[in-house]
Amino acid sequence: MFFQHFTNGLTLGGIYALIALGYTMVYGILKFINFAHGDILMVGAYIGMFSFNFFRGDAPLGAWTFFSFVLAMIVSAAFCAFLGMFIERVAYKPLRHASRLAPLLSAIGVSFILSNGAAWLWGTQSKKFDYPFDNTPLMIGGVAITPHQILILVVSLILMVVLKLFVDRTRLGKAMRATSLDQDTALLMGINVNQVISLTFAIGSALAAIGGILIAFDYKCYPTLGMMTGLKAFVAAVAGGIGNITGAMLGGILLGLLETFGVAILGIPMGYKDTIAFAILILILLVKPEGLLGKREKEKV
(Lines give C-alpha, C1' and ligand atoms only; values in the text may rest on other atoms or scores of the structure.)
Protein backbone atom coordinates (compact mmCIF):
# COMPACT_ATOMS: atom_id res chain seq x y z
CA MET A 1 0.00 0.00 0.00
CA PHE A 2 3.00 2.33 0.42
CA PHE A 3 3.42 2.79 -3.33
CA GLN A 4 -0.32 3.33 -3.73
CA HIS A 5 -0.33 6.13 -1.16
CA PHE A 6 2.90 7.52 -2.61
CA THR A 7 1.33 7.74 -6.08
CA ASN A 8 -1.80 9.43 -4.73
CA GLY A 9 0.29 11.91 -2.72
CA LEU A 10 2.55 12.66 -5.65
CA THR A 11 -0.36 13.55 -7.94
CA LEU A 12 -1.97 15.75 -5.28
CA GLY A 13 1.39 17.39 -4.62
CA GLY A 14 1.84 18.12 -8.32
CA ILE A 15 -1.30 20.26 -8.28
CA TYR A 16 -0.25 22.06 -5.10
CA ALA A 17 3.16 22.75 -6.66
CA LEU A 18 1.66 24.32 -9.80
CA ILE A 19 -0.50 26.66 -7.74
CA ALA A 20 2.24 27.43 -5.22
CA LEU A 21 4.48 28.69 -8.02
CA GLY A 22 2.15 31.66 -8.54
CA TYR A 23 2.37 32.65 -4.87
CA THR A 24 6.15 32.34 -4.72
CA MET A 25 6.81 34.21 -8.01
CA VAL A 26 4.68 37.20 -7.00
CA TYR A 27 6.19 37.30 -3.51
CA GLY A 28 9.68 37.03 -4.93
CA ILE A 29 9.21 40.25 -6.91
CA LEU A 30 6.67 42.35 -4.99
CA LYS A 31 7.09 40.91 -1.47
CA PHE A 32 3.38 40.49 -0.85
CA ILE A 33 0.95 37.56 -0.85
CA ASN A 34 -1.61 37.55 -3.66
CA PHE A 35 -4.57 36.08 -1.79
CA ALA A 36 -6.71 36.33 -4.94
CA HIS A 37 -4.55 33.61 -6.54
CA GLY A 38 -6.86 30.79 -5.41
CA ASP A 39 -9.86 32.50 -6.96
CA ILE A 40 -8.02 32.84 -10.28
CA LEU A 41 -7.66 29.05 -10.05
CA MET A 42 -11.43 28.81 -9.67
CA VAL A 43 -12.07 31.06 -12.68
CA GLY A 44 -9.65 28.94 -14.71
CA ALA A 45 -11.56 25.78 -13.81
CA TYR A 46 -14.86 27.32 -14.95
CA ILE A 47 -13.40 28.70 -18.20
CA GLY A 48 -11.77 25.33 -18.88
CA MET A 49 -15.04 23.48 -18.31
CA PHE A 50 -17.12 25.80 -20.51
CA SER A 51 -14.46 25.77 -23.25
CA PHE A 52 -14.22 21.98 -23.15
CA ASN A 53 -17.99 21.55 -23.44
CA PHE A 54 -18.05 24.05 -26.35
CA PHE A 55 -15.22 22.42 -28.31
CA ARG A 56 -16.34 18.88 -27.59
CA GLY A 57 -19.99 19.30 -28.51
CA ASP A 58 -21.73 15.92 -28.55
CA ALA A 59 -18.66 13.93 -29.57
CA PRO A 60 -18.10 10.64 -27.71
CA LEU A 61 -14.87 9.89 -25.86
CA GLY A 62 -12.01 9.69 -28.32
CA ALA A 63 -9.20 11.65 -29.97
CA TRP A 64 -11.35 14.73 -30.61
CA THR A 65 -12.47 14.81 -26.97
CA PHE A 66 -8.91 14.84 -25.72
CA PHE A 67 -7.89 17.44 -28.31
CA SER A 68 -10.82 19.58 -27.16
CA PHE A 69 -9.54 19.28 -23.60
CA VAL A 70 -6.06 20.46 -24.65
CA LEU A 71 -7.64 23.44 -26.44
CA ALA A 72 -9.71 24.19 -23.34
CA MET A 73 -6.56 24.20 -21.17
CA ILE A 74 -4.88 26.65 -23.55
CA VAL A 75 -7.93 28.95 -23.61
CA SER A 76 -8.25 28.85 -19.82
CA ALA A 77 -4.54 29.52 -19.26
CA ALA A 78 -4.59 32.46 -21.71
CA PHE A 79 -7.75 33.94 -20.17
CA CYS A 80 -6.37 33.72 -16.63
CA ALA A 81 -3.01 35.13 -17.75
CA PHE A 82 -4.79 38.27 -19.00
CA LEU A 83 -6.98 38.30 -15.89
CA GLY A 84 -3.90 38.18 -13.66
CA MET A 85 -2.27 41.05 -15.55
CA PHE A 86 -5.49 43.09 -15.38
CA ILE A 87 -5.81 42.55 -11.62
CA GLU A 88 -2.19 43.56 -11.11
CA ARG A 89 -2.63 46.72 -13.19
CA VAL A 90 -5.88 47.80 -11.50
CA ALA A 91 -5.65 46.55 -7.91
CA TYR A 92 -1.94 46.25 -7.09
CA LYS A 93 0.12 48.63 -9.22
CA PRO A 94 -1.42 51.84 -7.74
CA LEU A 95 -0.49 50.51 -4.27
CA ARG A 96 3.05 49.47 -5.11
CA HIS A 97 4.62 52.20 -2.96
CA ALA A 98 2.01 52.09 -0.20
CA SER A 99 2.41 50.24 3.09
CA ARG A 100 2.57 46.44 2.84
CA LEU A 101 -0.89 46.14 4.38
CA ALA A 102 -2.59 48.05 1.53
CA PRO A 103 -1.96 45.56 -1.34
CA LEU A 104 -2.74 42.67 1.01
CA LEU A 105 -6.18 44.14 1.77
CA SER A 106 -6.66 44.85 -1.92
CA ALA A 107 -5.89 41.20 -2.72
CA ILE A 108 -8.49 40.04 -0.19
CA GLY A 109 -11.01 42.40 -1.82
CA VAL A 110 -10.25 41.03 -5.28
CA SER A 111 -10.70 37.51 -3.90
CA PHE A 112 -14.22 38.31 -2.67
CA ILE A 113 -15.08 40.04 -5.95
CA LEU A 114 -14.02 37.00 -8.00
CA SER A 115 -15.77 34.41 -5.83
CA ASN A 116 -19.00 36.40 -5.53
CA GLY A 117 -18.87 37.31 -9.23
CA ALA A 118 -18.58 33.62 -10.10
CA ALA A 119 -21.56 32.80 -7.87
CA TRP A 120 -23.58 35.55 -9.57
CA LEU A 121 -22.61 34.53 -13.11
CA TRP A 122 -22.61 30.75 -12.84
CA GLY A 123 -24.67 30.00 -9.74
CA THR A 124 -23.72 28.41 -6.44
CA GLN A 125 -24.42 24.82 -7.48
CA SER A 126 -21.34 22.75 -8.29
CA LYS A 127 -20.90 21.76 -11.94
CA LYS A 128 -19.30 18.52 -13.07
CA PHE A 129 -16.19 18.65 -15.27
CA ASP A 130 -16.43 15.55 -17.46
CA TYR A 131 -13.30 13.50 -18.05
CA PRO A 132 -12.02 13.76 -21.64
CA PHE A 133 -11.05 10.07 -21.51
CA ASP A 134 -12.02 6.79 -19.90
CA ASN A 135 -10.77 7.14 -16.32
CA THR A 136 -10.83 3.44 -15.46
CA PRO A 137 -7.86 2.70 -13.14
CA LEU A 138 -4.89 0.86 -14.57
CA MET A 139 -2.85 -1.68 -12.58
CA ILE A 140 0.88 -0.94 -12.86
CA GLY A 141 3.13 -3.08 -10.66
CA GLY A 142 0.31 -3.71 -8.21
CA VAL A 143 -0.53 0.02 -7.95
CA ALA A 144 -3.87 1.33 -9.20
CA ILE A 145 -3.38 4.58 -11.09
CA THR A 146 -5.99 6.42 -13.14
CA PRO A 147 -5.41 8.20 -16.46
CA HIS A 148 -6.32 11.41 -14.60
CA GLN A 149 -3.41 10.87 -12.18
CA ILE A 150 -1.07 10.16 -15.10
CA LEU A 151 -2.23 13.40 -16.73
CA ILE A 152 -1.53 15.36 -13.53
CA LEU A 153 1.97 13.89 -13.21
CA VAL A 154 2.86 14.50 -16.86
CA VAL A 155 1.42 18.04 -17.09
CA SER A 156 2.81 19.22 -13.74
CA LEU A 157 6.27 17.77 -14.45
CA ILE A 158 6.45 19.34 -17.93
CA LEU A 159 5.26 22.75 -16.73
CA MET A 160 7.63 22.82 -13.74
CA VAL A 161 10.62 21.87 -15.89
CA VAL A 162 9.70 24.42 -18.58
CA LEU A 163 9.26 27.17 -15.96
CA LYS A 164 12.58 26.34 -14.31
CA LEU A 165 14.39 26.43 -17.65
CA PHE A 166 12.64 29.68 -18.61
CA VAL A 167 13.65 31.43 -15.39
CA ASP A 168 17.23 30.09 -15.40
CA ARG A 169 18.12 30.16 -19.11
CA THR A 170 16.19 32.92 -20.90
CA ARG A 171 16.71 36.69 -21.06
CA LEU A 172 13.26 37.37 -19.60
CA GLY A 173 13.92 34.88 -16.83
CA LYS A 174 17.15 36.68 -16.00
CA ALA A 175 15.21 39.97 -15.92
CA MET A 176 12.73 38.40 -13.49
CA ARG A 177 15.54 37.28 -11.19
CA ALA A 178 17.19 40.71 -11.35
CA THR A 179 13.89 42.44 -10.54
CA SER A 180 13.37 40.09 -7.63
CA LEU A 181 16.77 41.00 -6.17
CA ASP A 182 16.56 44.79 -6.57
CA GLN A 183 13.94 46.68 -8.59
CA ASP A 184 15.80 50.00 -8.54
CA THR A 185 19.03 48.48 -9.81
CA ALA A 186 17.09 46.53 -12.44
CA LEU A 187 15.59 49.80 -13.68
CA LEU A 188 19.06 51.35 -13.92
CA MET A 189 20.19 48.36 -16.00
CA GLY A 190 17.42 49.01 -18.55
CA ILE A 191 14.96 46.34 -17.42
CA ASN A 192 11.28 47.19 -17.86
CA VAL A 193 10.16 46.35 -14.33
CA ASN A 194 6.46 46.89 -15.03
CA GLN A 195 6.63 44.44 -17.93
CA VAL A 196 8.43 41.89 -15.77
CA ILE A 197 5.82 42.17 -13.01
CA SER A 198 2.98 41.76 -15.54
CA LEU A 199 4.73 38.70 -16.99
CA THR A 200 5.09 37.22 -13.51
CA PHE A 201 1.36 37.59 -12.84
CA ALA A 202 0.54 36.15 -16.27
CA ILE A 203 2.68 33.03 -15.77
CA GLY A 204 1.49 32.43 -12.22
CA SER A 205 -2.17 32.86 -13.19
CA ALA A 206 -1.84 30.54 -16.20
CA LEU A 207 -0.32 27.82 -14.00
CA ALA A 208 -3.13 28.31 -11.47
CA ALA A 209 -5.72 27.89 -14.24
CA ILE A 210 -4.21 24.58 -15.31
CA GLY A 211 -4.03 23.45 -11.70
CA GLY A 212 -7.68 24.41 -11.26
CA ILE A 213 -8.71 22.34 -14.28
CA LEU A 214 -6.77 19.30 -13.07
CA ILE A 215 -8.31 19.44 -9.60
CA ALA A 216 -11.84 20.22 -10.84
CA PHE A 217 -12.22 16.70 -12.24
CA ASP A 218 -12.39 15.37 -8.67
CA TYR A 219 -13.92 18.36 -6.84
CA LYS A 220 -16.23 19.80 -9.55
CA CYS A 221 -16.47 23.55 -10.28
CA TYR A 222 -17.99 25.86 -7.67
CA PRO A 223 -17.35 29.49 -6.63
CA THR A 224 -15.26 28.68 -3.54
CA LEU A 225 -13.17 25.98 -5.23
CA GLY A 226 -9.97 27.99 -4.92
CA MET A 227 -10.30 28.95 -1.26
CA MET A 228 -8.96 25.86 0.53
CA THR A 229 -6.83 24.68 -2.40
CA GLY A 230 -5.25 28.12 -2.65
CA LEU A 231 -4.51 28.23 1.07
CA LYS A 232 -2.86 24.81 0.94
CA ALA A 233 -0.75 25.90 -2.01
CA PHE A 234 0.26 28.95 0.01
CA VAL A 235 1.33 26.62 2.82
CA ALA A 236 3.37 24.66 0.26
CA ALA A 237 5.07 27.86 -0.91
CA VAL A 238 5.92 28.86 2.68
CA ALA A 239 7.15 25.36 3.52
CA GLY A 240 9.45 25.27 0.51
CA GLY A 241 10.69 28.83 1.02
CA ILE A 242 8.45 31.54 -0.36
CA GLY A 243 10.17 33.40 -3.16
CA ASN A 244 12.08 30.28 -4.19
CA ILE A 245 10.71 28.52 -7.30
CA THR A 246 12.38 25.18 -6.59
CA GLY A 247 11.18 25.45 -3.00
CA ALA A 248 7.57 25.91 -4.13
CA MET A 249 7.82 22.74 -6.22
CA LEU A 250 9.35 20.80 -3.33
CA GLY A 251 6.85 22.18 -0.84
CA GLY A 252 3.89 21.22 -3.02
CA ILE A 253 5.11 17.65 -3.48
CA LEU A 254 5.89 17.23 0.23
CA LEU A 255 2.51 18.65 1.28
CA GLY A 256 0.67 16.25 -1.04
CA LEU A 257 2.63 13.28 0.32
CA LEU A 258 2.22 14.29 3.97
CA GLU A 259 -1.49 14.89 3.55
CA THR A 260 -2.01 11.52 1.89
CA PHE A 261 0.11 9.54 4.36
CA GLY A 262 -1.40 11.46 7.28
CA VAL A 263 -4.84 10.18 6.35
CA ALA A 264 -3.62 6.67 5.55
CA ILE A 265 -1.20 6.06 8.44
CA LEU A 266 -2.38 8.34 11.25
CA GLY A 267 -6.03 7.56 10.57
CA ILE A 268 -7.06 11.21 10.33
CA PRO A 269 -10.65 11.37 9.00
CA MET A 270 -10.98 12.75 5.48
CA GLY A 271 -13.10 15.60 6.79
CA TYR A 272 -10.22 16.80 8.94
CA LYS A 273 -7.33 16.26 6.55
CA ASP A 274 -7.05 20.01 5.91
CA THR A 275 -5.65 20.40 9.43
CA ILE A 276 -2.48 18.61 8.29
CA ALA A 277 -1.50 21.49 6.00
CA PHE A 278 -1.97 24.14 8.67
CA ALA A 279 -0.20 22.06 11.31
CA ILE A 280 2.75 21.91 8.89
CA LEU A 281 2.54 25.70 8.42
CA ILE A 282 2.74 26.31 12.18
CA LEU A 283 5.63 23.85 12.53
CA ILE A 284 7.58 25.47 9.68
CA LEU A 285 7.07 28.95 11.09
CA LEU A 286 8.28 27.81 14.51
CA VAL A 287 11.26 25.73 13.41
CA LYS A 288 12.42 27.15 10.06
CA PRO A 289 10.41 30.26 9.13
CA GLU A 290 12.42 30.88 5.95
CA GLY A 291 11.28 27.49 4.58
CA LEU A 292 13.20 24.43 3.47
CA LEU A 293 15.08 26.13 0.61
CA GLY A 294 14.58 29.76 1.61
CA LYS A 295 17.34 32.05 2.79
CA ARG A 296 17.18 33.99 6.02
CA GLU A 297 17.11 37.72 5.21
CA LYS A 298 18.79 40.32 7.39
CA GLU A 299 17.54 43.90 7.48
CA LYS A 300 19.73 46.80 8.55
CA VAL A 301 18.04 49.30 10.81
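Within the stretch 271-294, residues that are of a type in the set (A, V, I, L, M, F, W, C) and at pLDDT below 85 reach partners that are surrounded by 13 or more Cβ atoms within 10 Å (Cβ to Cβ) and part of a loop (DSSP other than H, G, I, E, B) with beta carbons closer than 6 Å, at six or more positions or on different chains, in the pairs LEU292/GLY241; LEU293/GLY241; LEU293/ASN244. Only one entry in PHE201, PHE129 is closer than 27 Å to MET85 by Cα, part of a helix (DSSP H, G or I) and not aliphatic (A, V, I, L, M), namely PHE201. Residues of the stretch 41-62 that are in contact with a helix residue (DSSP H, G or I) (Cβ under 9 Å, 6 or more places away or on another chain), among the aliphatic types (A, V, I, L, M) and either closer than 14 Å to ILE215 by Cβ or touching a residue at least 24 places away in the same chain (Cβ under 8 Å) (or both): LEU41, MET42, VAL43, ALA45, ILE47, MET49.
Only one entry in THR7, THR65, THR24 is in contact with a strand residue (DSSP E or B) (Cβ under 6 Å, 6 or more places away or on another chain) and buried (at least 17 other Cβ atoms within 10 Å of the Cβ), namely THR7.
Condition (residue is modelled with pLDDT of 90 or more, buried (at least 18 other Cβ atoms within 10 Å of the Cβ), within 22 Å of ILE213 (Cβ to Cβ) and among the aromatic types (Phe, Trp, Tyr)) applied to the stretch 28-40: is it met by at least one residue? Within the stretch 28-40, not a single residue is modelled with pLDDT of 90 or more, buried (at least 18 other Cβ atoms within 10 Å of the Cβ), within 22 Å of ILE213 (Cβ to Cβ) and among the aromatic types (Phe, Trp, Tyr).
Within the stretch 135-151, does at least one residue satisfy the condition of being in a helix (DSSP H, G or I), of a type in the set (A, V, I, L, M), at pLDDT 90 or above and within 21 Å of MET73 (Cβ to Cβ)? For the stretch 135-151, residues in a helix (DSSP H, G or I), of a type in the set (A, V, I, L, M), at pLDDT 90 or above and within 21 Å of MET73 (Cβ to Cβ): present.
The values are calculated or read from the model by the stated rules, or taken from the named source; none is laboratory data. Note that this is a predicted model, so its numbers are computed, not measured. No Cβ is skipped: glycine too gets one built from the backbone with ideal geometry, and neighbour counts run over all protein chains shown.
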